[in-house]
1. Checking the conditions here, which among G141, G129 is open to solvent by 10 Å² or more (accessible area, probe 1.4 Å), touching a residue at least 60 places away in the same chain (Cβ under 8 Å) and touching a helix residue (DSSP H, G or I) at 6+ places or on another chain (Cβ under 8 Å)?
2. Is it fair to say V327 is away from the ligand (no atom under 15 Å from the Cβ), within 19 Å of the chain's Cα centre (by Cα) and β-branched (V, I, T)?
3. I'd like to verify a number: residues in the stretch 222-234 that are open to solvent by 30 Å² or more (accessible area, probe 1.4 Å) and within 11 Å of S191 (Cα to Cα), how many?
4. How many residues are among the hydroxyl-bearing types (S, T, Y), open to solvent by less than 70 Å² (accessible area, probe 1.4 Å) and part of a helix (DSSP H, G or I) when one looks only at the stretch 159-183?
5. Which of the residues that make up the stretch 340-350 are open to solvent by 70 Å² or more (accessible area, probe 1.4 Å) and either more than 22 Å from G262 (Cα to Cα) or more than 24 Å from the chain's Cα centre (by Cα) (or both)?
6. What are the residues in the stretch 62-98 that are closer than 22 Å to F318 by Cα and out of contact with any Leu (no Cβ under 6 Å at 6 or more places or on another chain), if any?
7. With (1) within 12 Å of the ligand (Cβ to nearest atom); (2) open to solvent by less than 50 Å² (accessible area, probe 1.4 Å) as the list, and R98 as the residue in question, which single condition is left unmet?
8. Go through the residues of the stretch 115-123 one by one and say whether even a single one is over 30 Å from D276 (Cα atoms), at pLDDT 95 or above and open to solvent by 50 Å² or more (accessible area, probe 1.4 Å).
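The values are calculated or read from the model by the stated rules, or taken from the named source; none is laboratory data. Quantities reported herein were computed from a predicted structural model and do not represent experimental measurements. As a convention, Cβ positions derive from the backbone with ideal geometry for all residues, glycine included, and neighbour counts pool all protein chains shown. Keep in mind that these areas ignore ligands, DNA and RNA; they rest on the heavy atoms of the full protein, side chains included. Shrake-Rupley method; radii C 1.70, N 1.55, O 1.52, S 1.80 Å.
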Amino acid sequence: MPANKTLLILPGDGIGPEVMSEVRRVVDWFDRRQAVSFDIDEDLVGGAAIDAHGTPLTDATMDKAMTVDAVLLGAVGGPKWDELPFDQKPERGLLRLRKEMDLYANLRPAICFDALVEASTLKPEVISGLDILIVRELTGGLYFGTPRGIEELPDGTRRGVNTHVYTSTEIQRVARAAFELARKRSNKLCSAEKANVMESGVLWRQEVTKLHQAEYADVELTHIYADNCAMQLVRDPKQFDVIVTDNMFGDMLSDEAGMLTGSLGMLPSASLGDADETGRRRAMYEPVHGTAPDIAGQGKANPLATLLSFAMMLRYSFDLGQDADLVETAVKNVLDAGKRTADIAAPGSETLSTSAMGDALLAELDKLAA
Ligand code: NAD
């Protein structure tokens, strides 16, 4: 018998616990089928951890995150904790997890389910069938580079400084992750930077090209300036398959790509670190959305972004592509049958509660597995 997969679930705040309890039913469904078994630990993060322990992430929870096979997180934050100083806010828990687990590759798929084509602001022929993946470097670049700060100048004016800095190692490791992912998809990778105006962009292009020639010549590699990439994403997004880019450009391009498909309640993500000597990669999976305080506790939240994050876990942490396909097919079929939570429903049509969406998914999984 293979060893059970170890999983740390951190539901967090707001709608986090509501959506996570529906996803937990799906995890338990897989457990019951015994195709894949999980040892699950559940713990607090964000505001919930502040209320219980006075810190957004205890050392004990951090230690667990470092040892499990994968972390599944809901969302953190909310008005209750908005007035706390920056270094004590719920979001610090999330940032600590990303930093200490060294999760440098952020994967954001943008998939357009046929049933939701109308939810996009783009024309159906531009968006239908879209399935692209943005790989964003997550731990380097402009958001972490030094020097940084706001300084007073001798003439009494002020200057804000951030530094866009990348080492060849940082570029190579995220590019390697992207090449590997491209090989599992259509074998096409597009690398986006601003080599026309930034030295860090020149280095980015050189390092990606070098790695391509040395190890991934079988993958079709193209380069694009990040501003052109932003335009091409709304003009003809299906020209892309996997896009790799730095932290800041990835922040924007992945939000843009995500919104092509219509709803925040549908967008999953994965953040991956390096593989250890046993081949296990540190990994955290979470929806793109936040805690939605406006609908929290009302049974209105869409659990599909978190569920699709679980599907990514099956695919990327456990190499269980068929089980991931099963979850994604269940989501597709449920949507095709017109079942929607309020955020993705057509105006005036009937909507499902969070738990009714969970019921519909489990019924569909039973049908698919029969
Ligand atoms: P949000 O994503 O929480 O909500 C934006 C809008 O989308 C709201 O109208 C909300 O109702 C809706 N929405 C989001 N997820 C939904 C879902 N699953 N189903 C149905 N509707 C959904 O963003 P926000 O309002 O800017 O932030 C609210 C709180 O969440 C803040 O405290 C913010 O700091 C936090 N936040 C956390 C994360 C995270 O934990 N990763 C990410 C973003 C925001």
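1. Values: G141 fails: open to solvent by 10 Å² or more (accessible area, probe 1.4 Å).
G129 is the lone residue from the list that is open to solvent by 10 Å² or more (accessible area, probe 1.4 Å), touching a residue at least 60 places away in the same chain (Cβ under 8 Å) and touching a helix residue (DSSP H, G or I) at 6+ places or on another chain (Cβ under 8 Å).
2. On the way: away from the ligand (no atom under 15 Å from the Cβ): yes; within 19 Å of the chain's Cα centre (by Cα): yes; β-branched (V, I, T): yes.
Criteria met by V327.
3. The total comes to 3.
4. Selection size over the stretch 159-183: 1.
5. Listed by number, the residues that qualify are P347, G348, E350.
6. Narrowing the stretch 62-98 to residues closer than 22 Å to F318 by Cα: 62-74, 97-98.
Passing the criteria: M62, D63, M66, T67, D69, L72, G74, L97, R98.
7. (2)
8. Step one: list which residues in the stretch 115-123 are over 30 Å from D276 (Cα atoms), which gives 115-123.
Checking which are at pLDDT 95 or above leaves us with none.
No, the stretch 115-123 has no match at all.
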